Amino acid sequence: MAEPILAARGVHVRFDTAAGPIHAVRGVDLDIHASETVALVGESGSGKSAFAKSFLRLHQPPFTTPRTHIEGTIVLSRPDGPIDLIALSDAEMRTARARDIGIIFQDALSALNPTKRVGEQIAEALGEARPDIRPKEANAMAVDILDRVGIPDAGTRSRAYPHQLSGGQRQRVMIAIAAIRSPQLLIADEPTTALDVTVQARLLRILKDIQVESRMAMLFITHDLTIVAEIADRVAVMNQGQIVEIAPTREIFGAPQHEYTKHLLASLPGRRLRPARGPKATRLSDNPLIRASGISVTFGGAMFRKTPPVYALRSVDLSVYPGERLGIVGESGSGKTTLGRVILGLQSPTAGTLRVGGRNPFRLNRDEAIRFRRKVQVVFQDTAASLDPRMAVGRSVWEGLDVHRIGKPDDRDARVRAALEQVGLNPEFASRFPHMLSGGERQRVNIARSLVIEPEILIADEPVSALDVSIQAQILDLLNALHDDLGLTMVFISHDLWVVRELCERVAVMKDGEIVETGQTEQLFEAPRHPYTRDLLGSVSSLPEIGGNINRL
């Protein structure tokens, strides 16, 4: 067999903290060949991202926090000779990052420059890899690749800033930045986490097409095993910092050897959902807790600009009743997150009226705004961007108790520990910083921080999209329990229709900034009325089962 593009031998990654060393990766060996896709799977916290970041030495924290130690060898084969990535100087590593290795990060918002238009950032990445290219040509290629990765109206969107795009669109920009350089090795760290099923399938095809054209090797990190069956040639299963099993995809799914691999396969969404259980029906009062009438939101379109305004929301009417769990579904860019931000009082509508608990959140004085913030909490989609990188996670959870003066100061540490345990984290995580956690662990911290102050309303924007299936089930059970025990009202924004079906009593379907259909969950799933709803449900039901994938491998 030909020499691998990448050969990792005995890789260890250790974080030194005040509480002692954390061994994130323990003696990992892995080869990846040209044109090959190796999927690295495992639960959040298993060491997948820590191992992949060691290729590019991306463990250095943004501030003076724990030291990171990387040991072993990671040899990348280049046309001018092999290099050991761990032994490179800082200048040599910058060159390798620009030309040889592309990476698609899990948290798109924190990875993109908020002060630059997305087209500029793509052209800049191309210029770093190919200094001879002219700016005009780079800009044209940036628009072209945005179109290839499924960004609508790519020419206009290339002039948008990251905050003006949805989470799924930002992730597609990240894929464009990585792919436009045609690297020898592409590291894809949960690249489809924020995407709906239709866009997800398209992007997987695009990644495969790019791989075929350039013969690049790809390390695909994910907790979604259905994606693995579609894209991977081999699968490496990681647990507690070690690779416990590695084999061709057919063998992993057809005859897993390790008990942990069997546990992961048993946790697949189709096997873990309990349709017979379903959520409890909620008796709706006559007065909605949240009422939106004719809400519209536009971006751009200033007096002297030639570009037309972008409509994020168009005349949206929505009611959410006390104790109800309402799911909002739709493809990325449909306006789901913008609607959630309006309800939170974070995005002013350009038209329409909003009442939350009978009050307009945009017309509150300081004291009223503080009370509103305790009443209405949020779990954001971007796990890293919503946590302060300078603050230990325990302090992040504790902060809400302090701001709202909940409990005595001596009792707050106990409340923090209980909140972390509620979401499946060891209380020892309180001393860790966000960069030391996986994406799934950061999301659980965000959920704990929102729930520790016991809100009445929770806006959950893709709260389980970054979690592996076993932890996802745990979080859904937690949200169900909080609803039953506390009467928590939830607006659950998601592209995962099966998760929405398990959790929510009612569903609103969004497309192009409009709500095209609402209805009781089971009725909508069994007899959708709108063509777009039928297309969405058809995309989910047409996803092949694992066995079908294996037959095609």
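The values are calculated or read from the model by the stated rules, or taken from the named source; none is laboratory data. The structure presented is a predicted model; accordingly, all values stated were derived computationally and were not measured. Cβ: placed from backbone, ideal geometry, glycine included. Neighbour counts: every protein chain shown. These accessible areas exclude ligands, DNA and RNA; they are computed on the full protein's heavy atoms, side chains included. Shrake-Rupley method; radii C 1.70, N 1.55, O 1.52, S 1.80 Å.
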Does ARG415 count as charged (D, E, K, R) and modelled with pLDDT of 90 or more?
yes
Within segment 151-169, does at least one residue satisfy the condition of being more than 15 Å from LEU207 (Cα to Cα), touching a residue at least 40 places away in the same chain (Cβ under 8 Å) and hydrophobic (A, V, I, L, M, F, W, C)?
yes
Out of ARG157, ARG234, ARG181, I need the residue that is open to solvent by 10 Å² or more (accessible area, probe 1.4 Å) and under 16 Å from ILE103 (Cα atoms). Which one?
ARG181
When segment 492-515 is examined, which residues are found to be among the β-branched types (Val, Ile, Thr), part of a strand (DSSP E or B) and under 15 Å from VAL379 (Cβ atoms)?
ILE493
Residues that are over 22 Å from the mean Cα position of the chain (by Cα) and surrounded by 16 or more Cβ atoms within 10 Å (Cβ to Cβ): find the helices (runs of 4 or more DSSP H) completely inside segment 95-148 holding 2 or more of those.
118-129, 135-148
Conditions (1) surrounded by 16 or more Cβ atoms within 10 Å (Cβ to Cβ); (2) within 30 Å of VAL379 (Cβ to Cβ); (3) out of contact with any Gly (no Cβ under 9 Å at 6 or more places or on another chain); number of the one not met by GLN169
(3)
Give segment 344-363 a look and list any residue that's open to solvent by 40 Å² or more (accessible area, probe 1.4 Å) and over 27 Å from the mean Cα position of the chain (by Cα), or say none.
THR350, ALA351, GLY352, THR353, ARG355, GLY358, ARG359, PHE362, ARG363
Step by step: first the residues of segment 409-441, then only those that are acidic (Asp, Glu) and under 23 Å from PHE51 (Cβ atoms), then the one that is least open to solvent (accessible area, probe 1.4 Å). Which residue is that?
GLU441
Among the residues that make up segment 459-477, is at least one of them in contact (Cβ under 8 Å) with a residue 24 or more places away in the chain and more than 18 Å from the chain's Cα centre (by Cα)?
no
For segment 495-517, give me each residue that is crowded, with 19+ Cβ neighbours inside 10 Å, over 22 Å from the mean Cα position of the chain (by Cα) and not charged (D, E, K, R).
ILE515
Could you tell me whether segment 84-98 includes any residue that is touching a residue at least 24 places away in the same chain (Cβ under 8 Å), within 20 Å of ASP144 (Cβ to Cβ) and touching an Asp or Glu at 6+ places or on another chain (Cβ under 9 Å)?
no
Of the residues SER386, SER332, which is of a type in the set (Gly, Ala, Ser), closer than 20 Å to LEU451 by Cβ and in contact (Cβ under 8 Å) with a residue 60 or more places away in the chain?
SER386
In segment 518-532, the residues that are in a helix (DSSP H, G or I), touching a strand residue (DSSP E or B) at 6+ places or on another chain (Cβ under 7 Å) and either β-branched (Val, Ile, Thr) or open to solvent by 60 Å² or more (accessible area, probe 1.4 Å) (or both)
THR521
Mind listing just one residue for me: the one in segment 204-235 that is small (Gly, Ala, Ser) and part of a helix (DSSP H, G or I) and, of those, farthest from the chain's Cα centre (by Cα)?
SER214
Here is a list: ALA201, ALA247, ALA178. Which entry is more than 30 Å from LEU537 (Cβ to Cβ) and in a helix (DSSP H, G or I)?
ALA178
Among the numbered criteria (1) open to solvent by less than 40 Å² (accessible area, probe 1.4 Å); (2) not in a helix (DSSP H, G or I), which single criterion is violated by ARG444?
(2)
